[in-house]
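Written below as structure tokens is the structure these notes are about.
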């Protein structure tokens, strides 16, 4: 059997309705369903599932109906500039989304028998939104990292969900790191012709607008975007049984690049030093 390409390409716009990208039990064996739900204005869609589910609003104005009568209205015009809105529910929890405008929602699901209180995460209660790498290595890996939830604020969950905004021409998730738990990256560029590159262990894959990368087998991974094109990344991880994702392991030979003294090792032209 030929090796699966870790990059799942999407060369045309997503259609209205549910667009499946990965399945719980497909050949990638991530143990996660992932897809894009597109609705037209006025449509309603049931979100009830036998799986733990997270629904992240990309664009549009919607109302989440959940928890037997609760409503949450969300409006997002830019996933680069605005924090996410994510409805997170346990298996078999009754929920619905109502589209007040055309909208796009990312769907992430995995198995989990634990029940937990349904919740909408937004900029007020998500775990963190950080600017990482500023002032380090000439800002080469300066980026915005938004973590919606992980074991710290959602201990019952089998998922970790977050977003990264990588500035034009910069790196993210760098130095290269790895972990046992399966992860999925979904990419959007600031312009549809944008492109970048992602690591899959020792291989390097070209990534484009709407592509998805599956990360397995403890392969190291980092990604970069071409000059002129900012990169949005949706990332989510499945906890393993008795082995939840907490922190990644960084490649030892590159660990120095994370320290405060890293700038002292970076080569710059001598004439720049004298200025």
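Derivation of every value follows stated rules applied to the coordinates shown; laboratory data play no part. Remember, predicted model here, so these are calculated numbers, not experimental data. Glycine also receives a Cβ, built like all others from the backbone with ideal geometry; neighbour counts cover every protein chain displayed.
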Given the peptides 124-135, 188-199, arrange them by the average over their residues of other C-beta atoms within 10 Å, most packed first.
188-199, 124-135
Principal axis box of segment 149-271, alpha-carbon based, largest edge first, Å
55, 37, 28
When N is the residue count of the chain, what does its C-alpha Rg come to as a fraction of 2.2 N^0.38 Å?
1.03
Those residues of segment 90-112 whose amide nitrogen sits under 20 Å from the label point placed on residue 16, 7 Å along Cα→Cβ
96-107
Which order do the peptides 71-81, 232-242 take when ranked by the mean count of other beta-carbon atoms within 10 Å per residue, highest first?
232-242, 71-81
Ordering 112-120, 141-149 by per-residue average of other C-beta atoms within 10 angstrom, highest first, gives 141-149, 112-120
Distance between Cα centroids, segment 129-204 to segment 234-275: provide it in whole Å.
12
Based on DSSP H runs of at least 4 residues, each adding -39500 (n - 2.57), what is the mean residue ellipticity at 222 nm of the chain after dividing by all its residues, to the nearest 500 deg cm²/dmol?
-500 deg cm²/dmol
For segment 1-73, take the alpha-carbon Rg, divide it by the Kirkwood Rh, and send me Rg/Rh.
1.02
Bounding extents of segment 203-275 in its principal axis frame from Cα atoms, largest first in Å, are 55, 32, 21
Just how far, in whole angstrom, is segment 207-225 from segment 16-56 if you go by their alpha carbon centroids?
20
